[in-house]
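The values are calculated or read from the model by the stated rules, or taken from the named source; none is laboratory data. Everything quoted here is computed from the prediction, not taken from an experiment. Here the Cβ is made from the backbone with ideal geometry for all residues, glycine too, and neighbour counts use every protein chain on show.
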Amino acid sequence: MPQIPIFIILQRESETRAYRERSETKRLSVFVYERILFASLSCLFASFPEVGSSHFQKLTPETGAREEKDHLWRPTQEEAMASAPELDAKCHSTVVSGWFSEHQSASDKGNKMVYFNNPMWPGEAHSLQVESILFQGRSEYQEVVVFESTSYGKVLVLDGIVQLTEKDECAYQEMITHLPLCSIPSPKTVLVVGGGDGGVLREVARHNSVEHIDICEIDKMVIDVSKEFFPELAKGFEDPRVHLHVGDAVDFLRRAPKEKYDAIIVDSSDPVGPAQELVEKPFFETIAKALKPGGVLCNMAESMWLHTHLIQDMISICRKIFKGSVHYAWGSVPTYPSGVIGFLLCSTEGPPVDFKNPINPIEKLESSAEYERELKFYNSEIHSAAFALPSFLRREVKALVDSPDPAQD
């Protein structure tokens, strides 16, 4: 039997190994391609169900894949499944590899994609893991998305920005409502600007002194989507005291009778685009005219960590308009940028309002009535503590808040 030189054996083994590696790489490439193709088609048929639905039902990620018995192939296959982008077909630009992040825009500079964060919080974005997307739609005003997250329940997103989650919505809804309403003796008429999810209405309804609640929301899709996916918030619309007005809040307030409301709560989106009007002087002037003497405003007022300049501007404007008092409070909302949100509280000239010490404590209301849902965040201690400002913020806004003469601002 002839002896085969050892170098020939090694060469053949090397060639065989190289062939196997090329084969594995080819099979891996085909598999990843099939998975990505399946994800893309899933997005297509989810967006256009009328296109080939019968064929789509027959399509699976394994269609066309070879049966592979080699145990060396299995780990490679599983690794490919885990690493292929968008395998779960989340079907939205803000969802990458199963994670949502606040909306980003992109531009092509020198064949390199450059991403820009939202200008309201440059350089950062909060991410949530996505279980499934429940709704996607575009209204006349904005894109509306609802998805199920792994840790915060259902999430409402408008134009790529988280508006609320089932887990922490209580902190925002309860604070923006009870900070003003618990600061006046017996509120009877209340206006909610925005608030299409119904959460503020739900909280206003706790106050049995309230006889009439107007809400002006510009986007009916937000209302409809909230009723379908967030019934615990949207049940506020069911209260017989609620009167819904779908339209522009700026126009609504211009037409509102003078001195109609005891309290106005502005639950708006961030002050960019059309919402910019809601933090400008003319809007605050219409609010002041619509409030009774000693009436109160509570306005969403951004994050002290990110938007001190906006807070300063809002306080400066309101000190010139509201002749009673102007204060800034804040609370914790984990899924908002920086994890906190601010509230601007103002009162018109008339009976003095002590925002820091609730004259109409919520505990008194809770003991006199039965509620389906207990408060999760707000209480009288939290109320008073919300006005305690960090030292850096006190230095920057305290002079404006405490200024006795608006003309000095």
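Some points to look at:
- Of all residues in region 122-144, those being touching a helix residue (DSSP H, G or I) at 6+ places or on another chain (Cβ under 9 Å) and in contact (Cβ under 8 Å) with a residue 12 or more places away in the chain number 13.
- Verdict on Val193 being in contact with a helix residue (DSSP H, G or I) (Cβ under 9 Å, 6 or more places away or on another chain) and either surrounded by 17 or more Cβ atoms within 10 Å (Cβ to Cβ) or outside the structural domain of Val146 (by TED's automatic domain parsing) (or both): yes
- Residue check, Leu134 of a type in the set (A, V, I, L, M), over 14 Å from the mean Cα position of the chain (by Cα), at pLDDT 95 or above and over 19 Å from Val333 (Cα atoms): yes
- When residues of region 350-389 are limited to those that are of a type in the set (A, V, I, L, M) and either closer than 30 Å to Lys289 by Cβ or surrounded by 15 or more Cβ atoms within 10 Å (Cβ to Cβ) (or both), the one modelled with the lowest pLDDT: Leu365
- Among residues that are farther than 23 Å from His383 by Cβ, without any contact (Cβ under 8 Å) to a residue 60 or more places away in the chain, in the same structural domain as Gly350 (by TED's automatic domain parsing) and touching an Asp or Glu at 6+ places or on another chain (Cβ under 8 Å), Val246 is included.
- Matching option when the condition is basic (Lys, Arg), within 30 Å of Asp354 (Cβ to Cβ) and at pLDDT 95 or above, among Lys188, Lys167: Lys188
- Counting only strands (runs of 3 or more DSSP E) wholly contained in region 161-238, the ones carrying 3 or more residues that are among the aliphatic types (A, V, I, L, M) occupy 161-165, 189-194.
- Long-range neighbours under 7 Å by Cβ, at least six apart or interchain, first residue within 10 Å of Val326 (Cβ to Cβ) and assigned by TED's automatic domain parsing to the domain that holds Cys298 within region 345-356, second buried (at least 23 other Cβ atoms within 10 Å of the Cβ) and of a type in the set (Lys, Arg): none
- Considering residues of region 147-160 that are in a strand (DSSP E or B) and within 10 Å of the chain's Cα centre (by Cα) only, the residue farthest from Lys220 (Cα to Cα): Val155
- Some residue of region 309-323 being of a type in the set (Phe, Trp, Tyr) and crowded, with 19+ Cβ neighbours inside 10 Å: yes
- Checklist (1) surrounded by fewer than 20 Cβ atoms within 10 Å (Cβ to Cβ); (2) within 25 Å of the chain's Cα centre (by Cα); (3) of a type outside the set (A, V, I, L, M, F, W, C) applied to Tyr336, failing item: (1)
- Set side by side, the residues Ser347, Ser332 differ, and just one is among the hydroxyl-bearing types (Ser, Thr, Tyr) and farther than 20 Å from Val192 by Cα, which is Ser332.
- Any hit, region 390-406, residues being modelled with pLDDT of 90 or more and part of a loop (DSSP other than H, G, I, E, B): yes
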